[in-house]
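Asker: Have a look at this one.
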Amino acid sequence: MKDTIDKMISLGLGVVVASKEQIEKTVDELVRKGEVGREESKGLVDELLRKGAEARSKIESMAQEKASAFRGDGRFVTREEFAAIQLRLEALEEKMRQAETRPAEM
């Protein structure tokens, strides 16, 4: 029974990354061993797929929130922002070079 519980926990945690085929294979194995009834197996597969989709969605949402918060604190810029800053810097450097080579006005 402990083995069944361990498998169910592993299956529940792994459902986030598991494919439908992997889940069905594991549930079929539980049916063959008599640990899950045939009529329960379809419902179990559907429930695990639903929970996996929910968990995946929550993880993606949390990752997006963290990434937004990380970028939003002013410490980092996007590639586009970096490219714009680089262009501005190059333009300023060019203006400084031109100013240095012009004769001083009196």
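Asker: Pull up all non-local amide H partners of Val36: gap of 5 or more, or a different chain, and H-to-H distance under 5 Å with H placed in the peptide plane.
Answerer: Placed amide hydrogens put Val31 under 5 Å from Val36.
Asker: Along Cα→Cβ, 7 Å out, is where each label goes; now give me the distance between the ones at Glu39 and Ala99 in nm to one decimal.
Answerer: Roughly 8.5 nm, to one decimal.
Any read-out appearing in this document is the output of simple, stated calculations on the displayed coordinates, not a laboratory observation. None of the values given here were measured: they were computed from a predicted structure. Cβ atoms come from the backbone with ideal geometry, glycine included; neighbour counts cover every protein chain shown.
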